[in-house]
Structure formats: C-alpha cells, structure tokens
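J.: Mind having a look at this structure? Questions to follow.
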Amino acid sequence: MGEKGRGWNLGLAGLLTPVTIWLGLFFLIPLLLILAYSFGTSGVYGGITLGFNPGNYLKVFDPLYLQIIGRTFFIAALTTLLCLALGYPLAYFIVFKGYRRRNLLILLVMVPFWTSLLIRAYSWVVILSGNGIANKFLQFIGVTDEPLTLIFTPEAVLMGMVYSYLPFMILPLYASLEKFDTRLKEAAKDLGASRWQTFWRVTFPLSMPGVIAGSILVFIPSAGEFVIPQLLGGSRTVMTGTLIQTQFGAARDWAFGSALSVMLAVLLLAAILFYVRRVGTDKLEGM
Amino acid sequence: MQRRGTSISRGKFLKMMGAAGVAGSTLSVLSCQPNTSATGGGGGSGGGPEEKELALYNWSDYVAGSTIPGFQKETGIKVTQDFFASNEDLLGKLQAGATGYDVIVPSDYMVAIMVKSDVIQKLDKSKIPNIKNVGENYMGLSYDPNNEYSLPYQWGTTGILYNKKEVGKLDSSWDAMWDKQFEGKMAMLADSRETIGAALYKLGYSVNSKNQDQLQEAEAELKKQQPLLRGYFASTEVRPLVMNGDILLGHVYSGDAFLAMSENEDLDYLIPNPRATRWTDNMSIPNGAPHPDNANKFINYILDAKVGAALSNYTYYNTPNEASLPDIDPALKDLPGYTLASDIFERLEVIEDVGKTTREYERIFTEVKSA
Amino acid sequence: MKERPTAQKPREGDQDSRREVAVALTGITKRFGEFAVVDDLNLEIWEGEFFSLLGPSGCGKTTTLRMIAGFENPTEGVISVAGEPVRGVPPYRRPVNTVFQSYAIFPHLNVFDNVAFGLRRARVPKDEIQRRVVEACEMVQLTGFEKRRSAQLSGGQQQRVALARALINRPKVLLLDEPLGALDLKLRKELQLELRNLQHEVGITFVYVTHDQEEALTMSDRIAVMNEGKVQQIADPSTLYELPKNHFVANFIGQINLFSGELESVDGGRVTLRSGEGIKIEALVRNGDTPEIGEQVQAAVRPEKIRFGETGENVCSVGVRQIVYLGVSTQYITEFADGTRLVLYQQNAHDSVGPEVGEQVNVSWDANHCLILGG
C-alpha cells in the first residue's frame, strides 16, 4: 500500500513539474521582476536602475492617480454587477429551460471568444457610430432625427466591458447551476416558498460559488482594462490600465508603471478577499 | 508616441479596421521580451563577407509592395520584417538588449534619445552615395545635427483634417479646435506631445517648451477643449471618423489626411498658424546589428529616386528625397498641404525630446483626459 | 407482518363513513405524451390514517404523490385536499408537506435553518420558531444536531431532518416518497416503527409511497396496491393479505400458491374446482363474487396455511424437492407429479422433524384458507 502510494505521489510530482516550471518562468519571475522594478528608478531615456526607491509608491498617492484608481474600481464593480444581472438570468434559463439545447446554447455564449477582443470592440465602434446600424435603426423607427452620440462615452465603455466579459460570468454560473439539484427547488416550494423566495433562499445561495467565481473572473480583467476605454471611450475614460500603459510607453517611467501595477494587484487582492468573506460566508438565510 | 501602426489600412473595410490594428499593437507595449525572430548570424562583425540577410524593424504597413522585393532582386539580400507599434516600444526592446535587427525606423525625437542611450551606431556614409538625393530641408535637423546616426525615411506634418463642405474654409489658426460650435464634432490625437503641442502652438509657445507656466497654460487650454471633443484617438482612427461624418474636424498626421482627401473631395487639410509640427521618421542601425553592411546598402537603396517615389506614393506621406519628386503621383502632389512652399518650413517645429519633462507632459495629458 | 387486533376474518371494504376525507382523488389520469402513467385513479384517504401507495416501480405511485403535492398537474380528474379542490394551487399554498426520497436537505443551511424553513416562509414570530424547531428536533431525536449541515449527517439523521422539516408546518397531509429507501435494512426497520409511532403521536394523515410490501403492511392503516397506473385493491393490510382481489395483488403481497381449474360445484360462498393437476379443491369465494359452474378460475392458498398430513378439506400428495431453513420457519418447495410447484412454510415451533428431500408426502389445507381470485 505504502509503495503504491509513493509511486502515485511520484507520478503526481511528475505531472505537476511542467506546470510548476511554467508558472515559475512565466508568472512568478515576471511578478517578482515587476516588484523589483517598482522600487527602482527610471532613467530619463527609459531603462531602470534597481534599488530601493519608495518614491514610486508615494507618487501613486497623487490625487489625480487616486481618482483614476477609484474610478477604475467603480467601473469594474459596475461591470461585474451588470454582468451578474444579465448573466444570471441567462445561465438560469440555459440550465433550467434549455433542455436538450443546453450544450448548444452554452456554446453560443462562447462564440464571441472565437474572435479577437479588438475586432469585437471595434465592431461596436462601427455599430454605434453616427451613421452606424444602431443610429440608422433609431432613426428608422423614429426615436430620433439626428444621429445620437452613442459611442466614445463612458456608457459605451461600460457597455463594451459588459459585452466583453459577460461570458466569463455566464460560464461559472452555468457550471454552478448545472449541478443544482432541482428537488431542492421542489422542497422549498413544498415548504411554502414562492418562486421568488425559492430563488433567493435556495437557488441563489447554492449558486454562490458560481457567483463568486464569475464576479472575480469579470472584476479582475475589468480593473486592468485599457483597450476598451481607448476604443469605445475615445480615451476619455482613463482607467488604471491606461495609466500603466502610458508609464511603460510614452512616459518611459517603468518604475512608476510597476508601482502602479503592484498597487493595482494588491488592491484587487484586497477587494476580492473582502468580497469572498462578505458574500462567501454571508448566510442569506437567517431572518 | 505612435504615428502609424495600421497593419491593414488599404481597402475600404480594412480601413475601418485600422483602429483595431492600432490598439492591437498597443497591446504589445507591455511585452518587453526581446524579439529575436530575425536571426542574428555570425558573419557581420568579423569583417568577412556578410550573409545575404537583413532584418528590418519597422512600423507596420510602412513599405511599398515593391520596396523589399526590389531590394532583394538588386542585391540578393533576403529581408525579414518585424514591426513595432511605438517609438517607446522600439526603444524598450533595444534597451532590453534585443539584437538581430539591422535597420530600425525611429522618429525624430527618438533618434536623439537613442544616441544618448547609445543603442544605435554611426552610419557608413561612404556606402550611401544616394545621400545626395536628400533635400537640405531634411538634413541636419536638431535631433542629429550631422546625420551621423540617421537618414530620413519619410516625413510629414500634423494638422487638421476637416469637412470643408460642412464647416466652410477654416482660417489658418488652431482656434477652430476650440470652437464651441463644433462641440462633439472634433477629435484630437491620443498623443501627449502632439495634443499638448497644439495648445502650446495656439498660445504662441514652442512645442518643446519645458516652462512650467507655459505648460500650465496649455493644460488650462486643453481642459477647456476636452468637453468639446469626441475623444482622443490614433490618427488612423480619426481618419474614418471624419470620412464618415461622425466628426467634422480631426487632429491628424498628414498621411491620413491625404488618404482621406483622395477619397472624399469635401475634406480639406490645414497646417495651422502660427506653428505646427513637422515630423520625420529615420533609418538607423542599432548597435550589434548582425549585418551593418547590408543595412547601409538598404538605406542607400531607400534613398534611390524611384524607390523613394514608390514608397511615398504608397504611404501618402512626404518624401525627403528630392530626386523622387518628379515621380510622385500628381494627384497626391496636388492635394492641399502636400507640396509645401519652402518658406513654410520656418513655421514647422520638430518635436524634440524634453528629458525629464516628458513625465510632466504625460501627467498633464492624463489629467486633461480624465478631467 | 403486523398482528391485527381483529380475531375474525377481516371484512372486505372496511368503509368507515364517520371519518373525514383528507385527500380525495377522483378520476385522476396523468399522461406523459400518449402514455398514461396514472389511469383513472379514484382514492379517498381519511383523516389521520397512515395510507400507503404500494406497487412496483413505474406503477404511478410517485406521480400520484407528486400530483397531490402539486408538482404535477393531473391531465384529467379532480384532487381535493381537506375538501378543497387544489387544481391550479401551487405547491407552496397547499396544506401538504413532502418528505422526499433523497430527503432534499438544503445543503447551505444547518439543521435548525432547514427545520425552520417553512415557518420562516409563513412569517411565524422568531421566538415561536425557536420553540417549535427545538420541539421538532426533540421529536425526531435530533437534539444537539441543530448546528450541523447535511454533509455532516448520516442517512438516518438526514431522514429525520426531512421529517422534522415537514412536520413542523403541521400540514393537513404529510406525503412521504419512499423515505426509507436509501437506508440499510436494520435502520429501516427501526425507522418504520418510529415513523408509525410518530404518526400516532401527531395524528396527521400520512400518505406513504413504497415498493416494499412488507414495509407497507407493517406501517399502514390502509394500502392502495397499484400496477400500471391503476389501483388494484384498496384495503387494510390483513384484508390485502388474506383476501387479495386478484392475481397481481396476491402475488405482489407475500407468496402464494395458485391452482387453475374449472368450477365443479357452487354452494353459496363455498365452491369446488378440479385443478389441472387433477386435484379436487374446496375454496371460498369473496363476498359479492358470483362464479358459475364450469367457469375457469384460480384458487390461491398462502404457503403458511398448508401443513403436512391429511387434516384439512384439501389434501394432496407432493414430492419434497428443496428445504430452506429461514430461522422462524422452514420453507419446503414441493412438486406435484406433473411438476407444478407447491410451496409451504412450517413454523419452527416444535421439535418435530419434517420430511426429507425426495420424500413423497401428503399435505393439506382448509377450505377457508383457499380463495377464488377475481379476474
């Protein structure tokens, strides 16, 4: 038995070695590099001198940058909330009303992934522009005479983010609801819970793992987003991602860019821990 | 700063997709791995004959269809191309130790930075006899006064592409871009130096100002302008917006203006008074280039009259090669703002590196955008 | 099998008109597509009784239960609970509660919150909930387990939670869908008795679905035997056992020996038939049945009613083929000359030595233990 167990452990170690090396090379080392850079000093013409320079972090507390970080978290949270509000009913519908078409429907949710995010984001520019399909349609049905300003607004950024990250919400929700034992719904109804109460007291709490996973999967990339604000926001919705990109680009300030990256990562981690604690253990039953 | 970078800008649909291409290339800004797809062979540095190879590191879509095949045919040297999306991207790669590139195409201010950071080498002018074709307006510019490190590839201006039919003929100042009657119908470049530069020009200052008071004035101007704009975009994105009528006035690079105007007669291009930017992209050879001889040959080839003409007829930018002028497409030559009187050069400024003040520019631009 | 207090032979259709009807199913048919899972079902379940729906899987018993609970709607017919028709009334508004086959304990809630679920939906005051949950847990012997989650409970404990969770709402009718099916035999036996006692205590009508005939006989006041969507017989356990209405019921409930043959004489409730084996058998006719001479019928006799010797109205000679010792009794499998089987049980009450395998012996049984089955 012991021999067998050891053999199995060796086998597992063998299986895990490539992924450990992979994570070490492409995840851990770059992360440590960014951490080291964040305490370095950027040269005037780019490049970086390593050392211990906390000044990069002090710079983050510039009200301008704090405001941008605050806005980033607000937009990411709003994106997450909207994705949840839109994705939950859809996942619910697919699981409980999709019947034999379930697999097809969930496949359709994933279809957008087959195209690059950039192409999809830019297709929104085409759709929402002054003489785009959306405006043509609105004019056709008589909502407006003049083309409306639909694109290059904060709302367009939000819409683009929700559109892009919605599948990240739906998939874990689907996985979570799919495992749901429908007899629990019957049990709740049997015990006097209306459809609404059944949902809030039983179905929703039991899909919490999916809600949490989906929220995290949407929130993290949303908070780091920088392409969509550029493409759909006309660069006027400045987010932390944009700021970091600028530091590694035109500002040639890699040290500050690294400090911003580390701050963003730390804040994200804190936000997620807070969220998981609050939502994850919050007993929704109890009143 | 990113000037070009449309990987697919020809053809109507592809033109629309150009913006996606720009953003796609910005993604690579964060990837600092040296790209070694162009293999650095032995050969070059030892003094012996070089391999028949050359690695060109260029902006995307920045050579004519005939350029590279022509060179290969003439010299037997096989060219591999790789692309960068911004000058900072290019600098970052060279600073990170990327080797294997023989010819790079940095913009003006970046040449100065590269000389100071010692990542490019001197040209061997004895191997570039076509240097004689370069017009005197394009030689000896501030970023490389003796052209020891660089020779011009293409040049152009930064100005206003606008719908003449809708807004009428503009007077020649920058004021139109602050005009409330065009609210929501204007766009500026998503480039700190160009857009802050426009404000500095409007105020009568230099685009290379390091004066805090002047910069603060410019910031105030831009904050006034920001609510009037649709947004800040890459030049390739501004072009379709003006062409579609989404906006009436757009801050663009001249090549995008000429491309738009050649397809839409209602459009006009203005190089505003009192000052505006002229910019130059240059050919340089990085330190450690595996094939410096081939690189010098390639630079010489580009400065050939016919090759230069074909290049500019394709890019819609201006050529520094005066010998090429007779072969430039007449339709292009006749577009307003393409063929410039020589006295206009007096009011065109070259963007120079401002050292540490670069970060001040970026902070101002961030503040303006998020105002 | 449960001992009945009735000394006499149970009477057919033991109707007690004084009792209130808790659940009435009238002409209930449930079709899924073309297939009728339940076919023209008529049932009256009385208040306070322990009523079982018994039948093999697929007989429609669970569907019937689900229709009472409100999870399925009948295609035809009317269901009334406590005198009120419940068509269109959603499950959460019906005065019934269900104990599900696999308990369906809410995994995200602890025992207390599971049990309190129904009361909270009914907006019962907090202190009353507290009191009643403690009471209910006590009733099902779960005191001390209130803070546990379902994953930390054994099957038997989960079953008790399900029971407490349903009973705490004081339903008019408690529906139980094979609630003991997943438990091991010993626990099942224990819980059968407990469940029966509990039902006496609370006095709530229980409708109990099971495929286990022994379980049904042990626990029920009355049983409806179902097959292929139809009720075969509704009766108390002893009537079902002693006076099965037809072949299916006789065979489904306990073991039975059957003799087919032609009626030779009819004398009131007493008949004689000549079986295929050439034996003359005297048997009883069920109340109300009026068979005629010459009719082909089946006579049935339970194995434990047959004994060795010649001391009954019906006597015949069989060869012993197999002897199975069962503890309480011994089972003898015997054969007639033509190979037809006859099974009999003998109590192991005496030291008496039975016949050996291969012996030819006489067996006998009384006419009033032999019943002519209906169609």
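J.: For the condition closer than 30 Å to A:F226 by Cβ, over 24 Å from the mean Cα position of the chain (by Cα), surrounded by fewer than 21 Cβ atoms within 10 Å (Cβ to Cβ) and not polar (S, T, N, Q), what is the one hit in A:I141, A:I133, A:I127, A:I212?
T.: None of the other options fit; the residue is A:I133.
J.: Now a separate question. Check whether at least one residue in region A:263-274 is free of Cβ contacts under 8 Å to residues at least 60 places away in the same chain, at positive phi and either buried (at least 18 other Cβ atoms within 10 Å of the Cβ) or within 18 Å of the chain's Cα centre (by Cα) (or both), and report yes or no.
T.: No.
J.: Pairs, please: C-beta under 7 Å, at least 6 apart or cross-chain, first residue closer than 15 Å to A:I94 by Cα and in region A:177-205, second β-branched (V, I, T)?
T.: Every condition considered, the pairs that remain are A:L177/A:V95; A:E178/A:V95; A:F180/A:T203.
J.: Related question: Working carefully through the options C:A151, C:A122, find the one that is over 33 Å from the mean Cα position of the chain (by Cα), hydrophobic (A, V, I, L, M, F, W, C) and within 14 Å of chain A (Cβ to nearest Cβ).
T.: C:A122
So that you can scan it fast, the table gives a plain yes or no per residue for (1) within 14 Å of chain A (Cβ to nearest Cβ); (2) in contact with a His (Cβ under 6 Å, 6 or more places away or on another chain); (3) over 30 Å from A:R252 (Cα atoms); (4) among the aromatic types (F, W, Y):
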site: B:E50; (1), (2), (3), (4): no, yes, yes, no
site: B:W59; (1), (2), (3), (4): no, no, no, yes
site: B:F71; (1), (2), (3), (4): no, no, yes, yes
site: B:Q81; (1), (2), (3), (4): no, no, no, no
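J.: I've got another one for you. Taking C:V297 as the residue in question, decide whether it is of a type in the set (V, I, T) and at pLDDT below 90.
T.: Yes; evaluated as a whole, the condition is true for this residue.
J.: Quick one: is C:L193 of a type outside the set (K, R), buried (at least 19 other Cβ atoms within 10 Å of the Cβ) and within 23 Å of C:S238 (Cβ to Cβ)? So that I can check it myself, show each step before the final result.
T.: Values: of a type outside the set (K, R): yes; buried (at least 19 other Cβ atoms within 10 Å of the Cβ): no; within 23 Å of C:S238 (Cβ to Cβ): yes.
Against the criterion (of a type outside the set (K, R), buried (at least 19 other Cβ atoms within 10 Å of the Cβ) and within 23 Å of C:S238 (Cβ to Cβ)), C:L193 does not qualify.
J.: To continue, here is another question. Can you go through A:P112, A:P89 and tell me which one is touching a helix residue (DSSP H, G or I) at 6+ places or on another chain (Cβ under 9 Å), within 30 Å of A:F180 (Cβ to Cβ) and not acidic (D, E)?
T.: Details: A:P89 fails: touching a helix residue (DSSP H, G or I) at 6+ places or on another chain (Cβ under 9 Å).
It is A:P112.
J.: Does C:E72 satisfy the criteria of being closer than 27 Å to A:L206 by Cβ, surrounded by fewer than 21 Cβ atoms within 10 Å (Cβ to Cβ), out of contact with any Phe, Trp or Tyr (no Cβ under 7 Å at 6 or more places or on another chain) and acidic (D, E)?
T.: Considered against the rule, which asks whether it is closer than 27 Å to A:L206 by Cβ, surrounded by fewer than 21 Cβ atoms within 10 Å (Cβ to Cβ), out of contact with any Phe, Trp or Tyr (no Cβ under 7 Å at 6 or more places or on another chain) and acidic (D, E), C:E72 comes out as yes.
J.: Any idea which residue in region A:236-251 is farthest from A:I48 (Cα to Cα), counting only those that are facing another protein chain (nearest Cβ under 7 Å) and part of a helix (DSSP H, G or I)? First the steps, then the outcome.
T.: Taking region A:236-251 as the starting set, the residues that turn out to be facing another protein chain (nearest Cβ under 7 Å) are A:236, A:238, A:243, A:245-246, A:248-251.
The next check asks that each one be part of a helix (DSSP H, G or I); those that pass are A:243, A:245-246, A:248.
Working: A:L243: 18, A:Q245: 16, A:T246: 16, A:F248: 11 Å.
For region A:236-251, the residue satisfying everything is A:L243.
J.: Need a quick list: strands (runs of 3 or more DSSP E) entirely within region B:128-239 having at least 2 residues that are under 30 Å from B:E322 (Cβ atoms). Walk me through it before giving the result.
T.: On the way: elements: B:151-163, B:186-189, B:229-233.
In region B:128-239, the matching strands (runs of 3 or more DSSP E) lie at B:151-163.
J.: Check off (1) in contact (Cβ under 8 Å) with a residue 60 or more places away in the chain; (2) within 13 Å of chain B (Cβ to nearest Cβ) for A:Y165 and give me the number that stays unchecked.
T.: Going through the list (1) in contact (Cβ under 8 Å) with a residue 60 or more places away in the chain; (2) within 13 Å of chain B (Cβ to nearest Cβ), A:Y165 breaks only (2).
J.: When region A:177-201 is examined, which residues are found to be surrounded by 17 or more Cβ atoms within 10 Å (Cβ to Cβ), of a type outside the set (K, R) and at the interface with chain C (Cβ under 10 Å from one of its Cβ atoms)?
T.: A:L184, A:E186, A:A187, A:A188, A:D190, A:L191, A:G192, A:A193, A:Q197, A:T198
For (1) assigned by TED's automatic domain parsing to the domain that holds B:L123; (2) within 27 Å of B:P69 (Cα to Cα); (3) surrounded by fewer than 24 Cβ atoms within 10 Å (Cβ to Cβ), each residue gets a yes or a no:
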residue	(1), (2), (3)
B:Q225	no, no, yes
B:Y232	no, no, no
B:V238	no, no, no
B:V252	no, no, no
B:E263	no, no, yes
B:N273	no, no, yes
B:D293	yes, yes, yes
B:D304	yes, yes, yes
B:Y314	yes, yes, yes
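J.: List, please: which pairs have Cβ atoms under 6 Å, are six or more places apart or on different chains, and start with a residue in region C:325-344 that is of a type in the set (D, E) and modelled with pLDDT under 90 and end with one that is surrounded by 16 or more Cβ atoms within 10 Å (Cβ to Cβ) and assigned to a loop (DSSP other than H, G, I, E, B)?
T.: C:D338/C:E277
J.: Ok, one more. Output the qualifying pairs, or none if there are none: Cβ atoms under 9 angstrom, residues six or more apart or on different chains, first residue in region B:197-210 and closer than 11 Å to B:E221 by Cβ, second residue among the basic types (K, R) and surrounded by fewer than 22 Cβ atoms within 10 Å (Cβ to Cβ).
T.: Close Cβ pairs (under 9 Å, with a partner that is among the basic types (K, R) and surrounded by fewer than 22 Cβ atoms within 10 Å (Cβ to Cβ)) amount to B:L200/B:R275; B:Y201/B:R275; B:Y205/B:R275.
The values are calculated or read from the model by the stated rules, or taken from the named source; none is laboratory data. Since the model is a prediction, treat every value here as computed from it, not as a measurement. Quick reminder, even Gly has a Cβ in these numbers, built from the backbone with ideal geometry, and neighbours come from all protein chains shown.
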